[in-house]
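The values are calculated or read from the model by the stated rules, or taken from the named source; none is laboratory data. It should be emphasised that the depicted structure is a prediction, and the values quoted were computed from it without experimental measurement. Heads up, the Cβs are rebuilt from the backbone with ideal geometry, glycines too, and the neighbour counts pull from every protein chain shown. Heavy atoms of the whole protein, side chains included, go into the accessibility calculation; ligands, DNA and RNA do not. Shrake-Rupley method; radii C 1.70, N 1.55, O 1.52, S 1.80 Å.
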Amino acid sequence: MINQQATGNYADKYRIPEGKSVSLKERPTDEDDKPVKKDDGDRLLQSDILQLTELQEKLYANGRYSVLIIIQAMDAGGKDSVVKHVMSGLNPQGVNVTSFKTPTHQELAHDYLWRHYIALPGRGMVGIFNRSHYENVLVTRVHPEYILNENIPGISSVENIDKSFWEKRFKQINHFERTLTENGTIILKFHLHVSKKEQKKRFLERIDDPAKNWKFSSGDLKERALWKDYRKAYEDMLENTSTDISPWFTVPADDKWFTRLVIANIIVNELSKLDLRYPVLSTAQRTDLAKAKTDLLGEE
């Protein structure tokens, strides 16, 4: 029997509280005692996808809010899997998925938030950032030399990139997201917390499976060697940018079916708080509908 109640507290369980220190070593990459088995979890996921479909339709019809879903993870953390499976019920006309790669020359000619700003969803729309503006405090934190490509005044060498630089960047991101939320964008941020052991397993699968070879790059191993540096960068990011209005959820990512279930459940529960409704027609609009119906039925 599916324990519906047991799956209702994922948001509280995996949310990163604002202002709290974060140790990813103490947070699970898998749950040994899952509240449901895989078969029941798959059925719950399909139920959540149906609810998400209805919520998206109301979101579009309402035209007041937009939704931004941000997904961050180590390489092979399962980002594409979440987009493919959890978002499968969304109407493609109302959703846009953006995967941010290495900045282009045009993007580097602007501030680092510019390319993310122009990809934001409009009212009634859902936007998904597969990697996001947070790469600017993750990859660049581990490789500060990349910052030099941004040609920022006062930053002429890596030595100029100190603790205050990152503190300022965290504040800029928080201000950016506060502006969005105050203007109707609901932001849900998911950190897929995968273990180094599971990453190794997925890398080997990509190497052994010809259909997945394209997903693997020798550069992935170079980044894997910097695991501890990335973990520290993630911890600082989560500590400094998870807020009450724009929270991070660190979700166990070693077992993909469970990751999908948790994320779908959180999205549905958080969007349900908006109490979205279809627009209520005025008396004049209802009169017009009745007349249109009469005209249609009267056609020969």
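Computed quantities for the displayed model
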read-out: Conditions (1) in contact with a Lys or Arg (Cβ under 9 Å, 6 or more places away or on another chain); (2) under 27 Å from GLU54 (Cα atoms); (3) of a type in the set (Lys, Arg): number failed by LYS273; value: (1)
read-out: Wholly enclosed strands (runs of 3 or more DSSP E) of segment 62-170 bearing at least 2 residues in contact (Cβ under 8 Å) with a residue 60 or more places away in the chain; value: 66-73, 126-130
read-out: Total residues in segment 171-188, condition assigned to a helix (DSSP H, G or I) and open to solvent by less than 10 Å² (accessible area, probe 1.4 Å); value: 2
read-out: Unmet criterion (only one of (1) within 17 Å of LEU192 (Cβ to Cβ); (2) in contact with a helix residue (DSSP H, G or I) (Cβ under 7 Å, 6 or more places away or on another chain); (3) modelled with pLDDT of 95 or more) for ARG27; value: (2)
read-out: Flag if THR250 is assigned to a helix (DSSP H, G or I), of a type in the set (Ser, Thr, Tyr) and either under 17 Å from the mean Cα position of the chain (by Cα) or surrounded by 22 or more Cβ atoms within 10 Å (Cβ to Cβ) (or both); value: no
read-out: Qualifying positions in segment 26-59 - outside any helix (DSSP H, G or I) and open to solvent by 40 Å² or more (accessible area, probe 1.4 Å); value: ARG27, PRO28, ASP30, ASP32, ASP33, LYS34, PRO35, LYS37
read-out: The listed residue being open to solvent by less than 40 Å² (accessible area, probe 1.4 Å) and over 30 Å from ASP244 (Cα atoms), out of ILE155, ILE161; value: ILE155
read-out: Segment 129-141, subset aliphatic (A, V, I, L, M) and touching a helix residue (DSSP H, G or I) at 6+ places or on another chain (Cβ under 6 Å), residue nearest to ASP80 (Cα to Cα); value: LEU138
read-out: Qualifying residue in segment 133-150 (condition: open to solvent by less than 20 Å² (accessible area, probe 1.4 Å) and farther than 28 Å from GLY77 by Cα); value: no
read-out: Test: PHE165 is aromatic (Phe, Trp, Tyr) and more than 21 Å from the chain's Cα centre (by Cα); value: yes
read-out: Which numbered condition ARG277 fails, given (1) assigned to a loop (DSSP other than H, G, I, E, B); (2) modelled with pLDDT of 95 or more; (3) of a type outside the set (Phe, Trp, Tyr); value: (2)
read-out: In segment 269-291, residue farthest from the chain's Cα centre (by Cα) [restricted to those that are closer than 19 Å to GLN56 by Cβ and of a type in the set (S, T, N, Q)]; value: SER272
